[in-house]
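One structure, pasted below without further comment.
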Amino acid sequence: MNIKIHLPFLVLATVGLAQRQFFGDAWCGDTVCASAVWNGSHTRYTLVAPGSTGWVGLGRGTRMADSNITVAYPFQDSFTLSQRTTTANNPPKLDSGLPTPQLVRGNESETDGATSTAAGQFTIVYNLPEATAPSDQTPFIWAFSPRLPSNPGSADSTFTEHAEKGQFRLNMTIKHSELLLKPLPAGQTFLIPSRNNTAVQAVQAWPMPYRLIAVHAVAMALGWVVVAPIAVLIPRLSRHRWGGWFRWHRALQSTATLVLVLLGFATAVAGVHLNDPSMHFVTTHQRLGLALVILLLLQLGLGQYAHATNKSNRAHRPIQNWLHVFVGIVLLVLAGLNVYLGFGEWDYVPGWPRWLLLGWALLLIGLYLLGLAFFLPKQLRQEKANRAPPAPPSPQGKNSLL
């Protein structure tokens, strides 16, 4: 099933409104199609969702925490609409202070009805009061789940995590008379579980953007949270008694960490580009990720320079060595923070990955402090002994007993 065949319906279903000045646009993804038409006081939204819909949500914004989200779910022969907000990345809750969306019912002039199940799909049309003029780059988020809420007849019902989500932008400055059917790239079908989640109507893997983002998440977690900290702990815990520490430290950082981070960065850029090219480096997670990649490259160069200029008979530790240690610690702290922020990009990430990250971070910090307390003094004594000049010969001669 390819839901993109409904884009002409989304555009044409609202063209009949052109007796007044209307502006809008339409978009189709692999799971959900949406159109929005603004008349100066309210926006009429049309959603086309799979017939297996348990709930579907649409919000204006770039992520859950800054969007007023309209959630719709089937109830009897109609839909329940619920206007919701959230903080951070918690499931959105009903917000009675927001304007109430109005479901378009029956045979009103511009639609064939509020809901339908033609071709195994639902069409949902509703009005939402919105006085602020939208822009030519109006951001939206959407989400879909095949599981019905606990009480589908109530606007305050609780519901489970989404199975699909995404972002898109609409040019809400297009006059209705100027709306054209936009050419759409060939898309993929998608996995649509039945409402009781026991059967499959269409079988295919995740759409490519989600697969790329999944690779990004795994690669970055391995690179920043596992390999890089281990490479830092190797010299801190073994430098005082093992001469091979540098070989392993450099090999891990310049090969494993670098390859994993570059792979994670490339797949993130590709995934965002395929999902919505306008969404590059717009969130704190994305911008900090770019800064970390640049800083990692500088840190690797700094480490190589510190090694190349190292002298065994140095009188003191050069500034580049201290800077290399400081930048490395800053990198790990910021990388751990950014991995945590990355969980928020997925909105409904359960609590255990955050707790796992916190526990792992505490273990790493404990081991590093252990190395500072017990092994660093030994290392400094050894370095001091290596720098000490040889004892002068005895004035009485080499074999003197004095």
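Can you find a residue that is under 21 Å from Gly344 (Cβ atoms) and open to solvent by less than 40 Å² (accessible area, probe 1.4 Å) anywhere in segment 224-233?
yes
For segment 235-258, what are the residues that are touching a Gly at 6+ places or on another chain (Cβ under 9 Å) and either within 23 Å of Gln286 (Cα to Cα) or part of a helix (DSSP H, G or I) (or both)?
Pro235, Arg236, Leu237, Ser238, His249, Arg250, Gln253, Ser254, Ala256, Thr257, Leu258 - these are the residues of segment 235-258 that are touching a Gly at 6+ places or on another chain (Cβ under 9 Å) and either within 23 Å of Gln286 (Cα to Cα) or part of a helix (DSSP H, G or I) (or both).
Mind counting the residues in segment 269-289 that are part of a helix (DSSP H, G or I) and without any contact (Cβ under 8 Å) to a residue 12 or more places away in the chain?
Matching residues across segment 269-289 total 4.
Determine which single condition Phe9 fails, assuming it passes every other condition in (1) among the hydrophobic types (A, V, I, L, M, F, W, C); (2) assigned to a helix (DSSP H, G or I); (3) modelled with pLDDT of 80 or more.
Exception for Phe9: condition (3).
I need a count of the residues in segment 65-82 that are within 23 Å of Gly24 (Cα to Cα), open to solvent by 10 Å² or more (accessible area, probe 1.4 Å) and touching a strand residue (DSSP E or B) at 6+ places or on another chain (Cβ under 8 Å).
So the first thing to find is which residues in segment 65-82 are within 23 Å of Gly24 (Cα to Cα), and the list is 66-72, 81-82.
Adding the requirement that they be open to solvent by 10 Å² or more (accessible area, probe 1.4 Å) leaves 66, 68-69, 81.
Next cut, touching a strand residue (DSSP E or B) at 6+ places or on another chain (Cβ under 8 Å) only: 68-69, 81.
Number of matching residues: 3.
Can you tell me which residue in segment 82-105 is modelled with the lowest pLDDT, limited to those that are within 17 Å of Thr158 (Cβ to Cβ) and in a loop (DSSP other than H, G, I, E, B)?
Result: Asn89.
With the condition being modelled with pLDDT under 85, I'd like the strands (runs of 3 or more DSSP E) fully within segment 113-180 carrying at least 1 qualifying residues.
In segment 113-180, 121-129, 164-170 are the strands (runs of 3 or more DSSP E) which contain 1 or more residues that are modelled with pLDDT under 85.
Out of contact with any Ser or Thr (no Cβ under 6 Å at 6 or more places or on another chain), modelled with pLDDT under 95, assigned to a helix (DSSP H, G or I) and open to solvent by less than 50 Å² (accessible area, probe 1.4 Å) - does that describe any residue in segment 310-317?
no
Here's a check for you: in segment 25-63, which residue that is among the polar types (S, T, N, Q) and open to solvent by less than 10 Å² (accessible area, probe 1.4 Å) is farthest from His162 (Cα to Cα)?
Among those that are among the polar types (S, T, N, Q) and open to solvent by less than 10 Å² (accessible area, probe 1.4 Å), it is Thr43.
Which condition number does Gly303 fail, the rest of (1) over 25 Å from the mean Cα position of the chain (by Cα); (2) at pLDDT 90 or above; (3) exposed (fewer than 15 other Cβ atoms within 10 Å of the Cβ) being met?
Answer for Gly303: the failing condition is (3).
In segment 349-368, which residues are at pLDDT below 90, part of a helix (DSSP H, G or I) and loosely packed, with under 11 Cβ neighbours inside 10 Å?
Selection gives Gly351, Trp352.
The values are calculated or read from the model by the stated rules, or taken from the named source; none is laboratory data. All figures in this text were calculated on a predicted structure; none of them were measured in a lab. Cβ atoms come from the backbone with ideal geometry, glycine included; neighbour counts cover every protein chain shown. Only protein heavy atoms, including side chains, enter the accessible area calculation; ligands, DNA and RNA are left aside. Shrake-Rupley method; radii C 1.70, N 1.55, O 1.52, S 1.80 Å.
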